[in-house]
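S.K.: Quick one: the structure is below, and I'll ask about it shortly.
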Amino acid sequence: MEKEKKSEPVSKSVLKSAKEEETTRINVGPSPHFGHIHSTTRLMMTDVLIALVPVILVSLYVFQWFAVKQLMICILTCIGTEAACTRMRNRQSTLYDGSAVVTALILGLSLPATAPWYVAMIGSVVAIGIGKMVFGGLGMNLFNPAMVGRAFVMIAFAGVMSASGYELASTGVDALSQATPLNIFKQTGAITPIYDMFWGVTNGSIGETSAFACLLGGFYLVWRGVAAWEIPLGVIIAVIFWGTIGTIINPESQWTVLHHLFSGSLLFGAFFIATDPVTSPLSAKGRFQFGIGVGIILMLLRSFSGYPEGMMFAVLLMNALSPLINRWTIPKPFGVKTSRIL
Amino acid sequence: MNLFGRKKSFRGGVHPPGKKEFSRAAPIEILPPPDKVMLATLQNVGQPCQPIVKPRQRVVYGEKIGEGKAFVSASLHTPIAGVVQRMKTMTFPNGRHLPVMIVKAEGKQVDGEELVSEILGGEWPKDCMRLYEPMYIHDAISDAGIVGLGGAAFPTHIKITHESKQPINTLIINGCECEPYLTSDDRLMMDAPGPIISGTLLAARALGVKKMIIGVEDNKPRAIKALRKEAADTEIRIIALKTKYPQGSEKQLIGALTGKEILPGKLPGDVGVAINNVGTIAAVARAVARGKPLTHRVISVTGEGIVQPKNILTPIGVSVKTLIDFCGGLKPDAARVIAGGPMMGFAFTDLNTPVTKGTSGITVLTENEVRKEQETGCLRCGRCVDACPMHLVPTKLALASRYKALQVAEDYNIRACFECGSCAFICPAQIPLVQLIRSGKMYLAAKDRKAA
Ligand code: SF4
Ligand code: SF4
């Protein structure tokens with residue numbers, strides 16, 4: 001890396017023949033000489049945080065101090081872990097890019113309110129430490145860090161993270177007294193009113209319950225160009241397609257396409273988790289295929305497995321496929337008939 | 001315009017702020033004769049010219065002082081009358097050290113109105129093109145030492161020739177000027193459409209083509225109007241293109257106008273197209289119709305860091321400092337002086353460097369524009385992929401270059417990159433993509449040399 005010698009252009013003053021003092025300030029640097037002022041990693045992460053505000057507000061309203069506890073533990077542990085990792089590897093701190101906080105919030109929001117403190121904490125350490133830093137930090141990881149953390153605690157603490165773990169009758173929080181909408185349906189066949197699912201006054205992982213909040217934040221992300229629209233679109237198309245077929249096969253079922261869309265972290269995952277740029281494909285075409293893939297795996301899991309957390313597995317599986325998708329959706333260079341890589 | 005009323009364009013690209021407002025409103029002004037000019041012997045792609053004058057020799061305005069002997073080379077002429085000085089070596093913004101011929105002004109100079117009307121004004125031939133023999137046109141261009149004035153500086157007589165190896169069927173004149181800030185072409189089209197139209201007809205005559213297109217970005221409505229008016233009774237079509245960077249890049253422009261894609265490593269001639277910049281074509285008209293060599297060109301001196309941005313008809317070879325002083329000097333917060341525009345231009349290290357035939361502008365940026373955020377890891381967001389007009393994967397190319405994975409870089413067509421800067425411009429992680437890719441290409445070139 002010594003070869004990139006001119007990489008600190010602004011500070012270097014090169015004029016030796018400085019008769020006039022005005023010329024001494026002139027510096028050199030490589031082209032292009034200016035960049036997009038509204039496009040920086042920090043700003044992207046800030047936009048994600050802004051988009052998460054409605055989701056966080058709903059979670060605070062529905063789960064009250066359970067949500068506060070979950071999010072605080074995740075944020076503090078993630079920041080701590082990232083700082084410790086960079087220090088251990090003797091690298092410059094990477095906290096300023098804001099990605100640790102984003103991971104923390106996504107992880108926190110995808111946990112059940114009832115999960116004990118050590119679940120959030122261990123999940124965070126695994127998310128940052130194993131999900132991101134061992135790969136070499138931001139941009140190098142193959143899997144979505146938050147989902148790595150969540151998958152770990154899901155398996156390690158199967159008891160508290162299972163479907164029944166969501167319930168906790170003896171608190172003042174209403175939502176916690178029932179099972180999640182998907183579970184109620186699985187076990188009893190009863191349908192949660194779509195209205196409740198839209199506004200989010202149901203049980204579930206603390207960030208996933210409100211379709212409204214997820215859509216609001218999601219549209220903001222897409223509007224800002226931070227989340228690639230191809231991914232949520234792909235997911236939603238796949239789910240609507242599958243759901244419609246389900247309705248056609250089984251017209252009596254009360255569980256409609258809308259129930260599919262509004263339940264079990266689908267929208268939260270489609271807009272906030274699957275759209276993680278690092279772990280999704282590079283080209284627009286690839287991202288759309290990625291979205292479709294997430295949607296299909298999710299519906300497969302919902303139809304044939306007992307896990308309401310289909311989203312997590314769907315994203316992780318598609319993450320693993322991303323490099324492959326990248327390979328076959330590599331853009332054709334201008335003027336080239338066939339790409340040499342394929 | 002096509003079926004959906006959409007302007008012609010290419011896929012990819014970015015929308016940097018235009019910043020044309022600094023100098024667009026300033027009509028072309030003439031620089032008073034300088035007391036000396038410094039003329040590099042190599043101002044074009046290819047071989048340098050051979051000096052044909054000795055120190056202390058007297059030369060008159062427009063006299064040939066360097067002969068372009070090699071095939072890819074261009075002759076050199078002095079823009080002022082004076083006495084030849086000893087040669088010197090100077091460093092140019094692109095990093096090359098070149099021998100420079102110096103002419104010190106002496107005697108009576110052609111100046112002001114006279115010069116403007118000779119270069120841009122008056123009547124230009126638009127009909128009776130049969131009077132001009134193709135060979136005569138070609139020789140006149142060659143004698144005048146004309147090179148591409150859009151920045152590439154490829155000798156023009158190789159492109160506009162009656163004995164082209166490939167059959168040419170379309171002549172495209174490039175008036176896009178897609179680099180931010182620069183307005184010299186825009187101003188030339190507004191103020192002097194005459195030589196542009198005339199030059200286009202002459203070049204078409206030399207090439208024996210019927211189809212003539214002038215492509216202009218749609219952010220230059222006045223230029224389009226002026227050209228359309230001037231071209232009213234000719235067969236030249238003026239086409240407005242979408243304003244997008246890099247619309248003015250040869251391959252992208254040809255693709256947008258003709259739908260033909262040029263393979264990496266191939267030239268416009270391979271798809272039957274000859275392409276020239278508007279400034280170049282105006283110089284062609286001057287050379288053919290008036291027998292004058294390329295001695296002057298229009299340069300925009302613009303940007304946040306300049307006191308009074310201007311478009312200047314300037315003798316080739318004056319120092320950057322002379323031009324800046326003519327524009328009221330630098331502002332206190334000026335931070336970088338660039339030859340050309342901010343996307344592809346090179347920064348000047350020394351303001352005593354002369355401008356060359358290929359200098360289309362001088363852009364002065366302040367600390368505010370050149371400031372860079374801290375680099376972070378690549379987010380793999382794909383913005384660079386969407387932006388690349390060559391449809392490459394810049395992040396892959398840059399990483400491969402950084403870790404010297406030359407085979408990967410080559411497989412991903414690193415050689416097709418023409419360093420337009422779109423990817424680095426858009427990258428949120430502030431990765432110096434162009435710089436990395438450039439270094440990757442350098443490693444590859446070194447490897448090629450070793451293999452040869
Ligand atoms: S634009 Fe920058 S951050 Fe995004 S993929 Fe390209 S190199 Fe990586
Ligand atoms: S600099 Fe090269 S890689 Fe980057 S956008 Fe331009 S052509 Fe593509």
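The values are calculated or read from the model by the stated rules, or taken from the named source; none is laboratory data. Just so it is clear, the structure is predicted and the values come from calculations on it, not from any experiment. Cβ: placed from backbone, ideal geometry, glycine included. Neighbour counts: every protein chain shown. We work out accessible area using only protein heavy atoms, side chains counted, and drop any ligands, DNA or RNA first. Shrake-Rupley method; radii C 1.70, N 1.55, O 1.52, S 1.80 Å.
S.K.: Let me spell it out: the conditions are (1) more than 14 Å from ligand 1 (Cβ to nearest atom); (2) facing chain A (nearest Cβ under 10 Å); (3) at positive phi, and B:Gly328 meets all of them except one. Which number is the exception?
M.R.: B:Gly328 satisfies all of (1) more than 14 Å from ligand 1 (Cβ to nearest atom); (2) facing chain A (nearest Cβ under 10 Å); (3) at positive phi except (2).
S.K.: Can you pull out the residues in region B:403-412 that are facing chain A (nearest Cβ under 7 Å) and within 16 Å of ligand 1 (Cβ to nearest atom)?
M.R.: B:Tyr412
S.K.: Consider only pairs whose beta carbons are under 9 Å apart and that are at least six residues apart or on different chains; among these, list those whose first residue lies in region A:139-151 and is more than 16 Å from A:Ile325 (Cβ to Cβ) and more than 14 Å from every other protein chain (Cβ to nearest Cβ) and whose second residue is of a type in the set (A, V, I, L, M) and open to solvent by 30 Å² or more (accessible area, probe 1.4 Å).
M.R.: Listed pairs, sorted by first residue: A:Val148/A:Ile130; A:Gly149/A:Ile122; A:Gly149/A:Val125; A:Gly149/A:Ile130.
S.K.: Right, A:Val102: at pLDDT 90 or above, assigned to a helix (DSSP H, G or I) and within 14 Å of chain B (Cβ to nearest Cβ) or not?
M.R.: yes
S.K.: Listed residues A:Ile249, A:Ile245, A:Ile325; which is within 14 Å of chain B (Cβ to nearest Cβ) and at pLDDT below 95?
M.R.: Details: A:Ile249 fails: within 14 Å of chain B (Cβ to nearest Cβ); A:Ile245 fails: within 14 Å of chain B (Cβ to nearest Cβ).
Result of the check over A:Ile249, A:Ile245, A:Ile325: A:Ile325.
S.K.: What about B:Leu397, is it crowded, with 24+ Cβ neighbours inside 10 Å and either within 12 Å of ligand 1 (Cβ to nearest atom) or among the hydroxyl-bearing types (Ser, Thr, Tyr) (or both)?
M.R.: Numbers: crowded, with 24+ Cβ neighbours inside 10 Å: yes; either within 12 Å of ligand 1 (Cβ to nearest atom) or among the hydroxyl-bearing types (Ser, Thr, Tyr) (or both): yes.
Taking the combined requirement at face value, the residue satisfies it.
S.K.: Next question. Does region B:380-388 contain at least one residue that is near ligand 2 (Cβ under 8 Å from one of its atoms), in contact (Cβ under 8 Å) with a residue 60 or more places away in the chain, open to solvent by 10 Å² or more (accessible area, probe 1.4 Å) and assigned to a loop (DSSP other than H, G, I, E, B)?
M.R.: yes
S.K.: A follow-up question, please. Could you list, in sequence order, all residues of region B:65-99 that are touching a Ser or Thr at 6+ places or on another chain (Cβ under 6 Å) and more than 18 Å from B:Val355 (Cα to Cα)?
M.R.: B:Glu67, B:Gly68
S.K.: Could you please tell me which pairs satisfy a Cβ distance under 7 Å, a separation of 6+ or placement on different chains, a first residue in region B:421-450 that is more than 10 Å from every other protein chain (Cβ to nearest Cβ) and in contact (Cβ under 8 Å) with a residue 60 or more places away in the chain, and a second residue that is crowded, with 24+ Cβ neighbours inside 10 Å and of a type in the set (Val, Ile, Thr)?
M.R.: none
S.K.: Got a number for residues in region B:36-61 being open to solvent by 20 Å² or more (accessible area, probe 1.4 Å) and within 26 Å of B:Gly121 (Cβ to Cβ)?
M.R.: 2
S.K.: If you don't mind, another one. Answer yes or no: is there a residue in region B:418-429 that is away from ligand 1 (no atom under 12 Å from the Cβ) and closer than 18 Å to A:Ile330 by Cα.
M.R.: no
S.K.: Here's a follow-up. Quick one: count up the residues across region B:316-325 that are more than 12 Å from every other protein chain (Cβ to nearest Cβ) and not in a loop (DSSP other than H, G, I, E, B).
M.R.: The qualifying residues number 2.
S.K.: Against the definition (touching a residue at least 24 places away in the same chain (Cβ under 8 Å), more than 16 Å from B:Pro79 (Cα to Cα), small (Gly, Ala, Ser) and open to solvent by 10 Å² or more (accessible area, probe 1.4 Å)), how does B:Ala339 come out, yes or no?
M.R.: On the way: touching a residue at least 24 places away in the same chain (Cβ under 8 Å): yes; more than 16 Å from B:Pro79 (Cα to Cα): yes; small (Gly, Ala, Ser): yes; open to solvent by 10 Å² or more (accessible area, probe 1.4 Å): yes.
Yes, satisfied.
S.K.: Also, I was wondering about something else. Can you tell me how many residues within region B:61-82 are in a loop (DSSP other than H, G, I, E, B) and without any contact (Cβ under 8 Å) to a residue 24 or more places away in the chain?
M.R.: 2
S.K.: I've got another one for you. What pairs come up if the first residue lies in region B:112-138 and is part of a loop (DSSP other than H, G, I, E, B), the second is open to solvent by 60 Å² or more (accessible area, probe 1.4 Å) and not acidic (Asp, Glu), and their beta carbons are under 7 Å apart, counting only those six or more places apart or on different chains?
M.R.: Every condition considered, the pairs that remain are B:Tyr132/B:Arg205.
S.K.: Can you find even one residue in region B:366-377 that is open to solvent by 10 Å² or more (accessible area, probe 1.4 Å), within 16 Å of ligand 2 (Cβ to nearest atom), among the charged types (D, E, K, R) and not in a loop (DSSP other than H, G, I, E, B)?
M.R.: No - not one qualifying residue is present in region B:366-377.
S.K.: Which of the helices (runs of 4 or more DSSP H) found entirely inside region B:392-452 contain at least 1 residues meeting this: in contact with an Asp or Glu (Cβ under 6 Å, 6 or more places away or on another chain) and within 9 Å of ligand 2 (Cβ to nearest atom)?
M.R.: Details: elements: B:394-402, B:406-411, B:422-426, B:433-451.
It comes to B:433-451.
S.K.: In the set B:Leu351, B:Leu313, which member is more than 16 Å from ligand 2 (Cβ to nearest atom) and away from chain A (no Cβ under 11 Å)?
M.R.: Going through B:Leu351, B:Leu313 in turn, the sole match is B:Leu313.
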